[in-house]
């Protein structure tokens with residue numbers, strides 16, 4: 001039997017470390033957008049509104065993502081010398097709140113394991129969650145991107 005003090009300590013450590021995301025219901029809708037104008041533009045193109053094929057790699061990506069804390073997307077992009085290359089949203093009746101994960105790439109095309117999510121605290125530059133992505137899961141998403149997003153629709 002675990003003591004209450006030990007349980008609280010383990011909970012605090014897990015919270016500070018940024019636990020992996022909880023599982024999503026299989027019925028969740030997966031939306032994918034890619035920026036399609038030169039940096040620092042913000043316009044995006046909808047690639048899919050409700051992904052049907054290869055859903056498992058996106059669900060695995062979500063489940064292996066860990067939250068690091070709160071951030072400013074501008075600071076994350078400056079710190080990693082990167083720009084947004086893709087955003088993935090998980091939404092629908094199967095989930096209570098839409099969850100977005102933004103993936104970054106550097107000028108050499110290398111995808112970063114650090115990214116950020118959608119705004120949680122409005123009117124605060126540090127109102128965005130910062131995430132750490134699993135390299136293995138990110139690699140699967142990158143391969144999907146190369147096969148499914150036409151070069152003419154990618155950020156230039």
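For this structure, a couple of remarks:
- Test for residue 75: is it surrounded by fewer than 15 Cβ atoms within 10 Å (Cβ to Cβ), over 22 Å from residue 151 (Cβ atoms) and either in contact with a helix residue (DSSP H, G or I) (Cβ under 6 Å, 6 or more places away or on another chain) or at pLDDT 90 or above (or both): yes
- Cβ separations smaller than 9 Å between residues 6+ apart or across chains give the following pairs from segment 133-156 residues that are free of Cβ contacts under 8 Å to residues at least 24 places away in the same chain to residues that are in a helix (DSSP H, G or I): 143/57.
- Residues that are over 13 Å from the mean Cα position of the chain (by Cα), buried (at least 16 other Cβ atoms within 10 Å of the Cβ) and more than 20 Å from residue 25 (Cα to Cα) occur in segment 136-144; there is at least one.
The values are calculated or read from the model by the stated rules, or taken from the named source; none is laboratory data. Please read these numbers as outputs of a predicted model, since none were measured by experiment. Quick reminder, even Gly has a Cβ in these numbers, built from the backbone with ideal geometry, and neighbours come from all protein chains shown.
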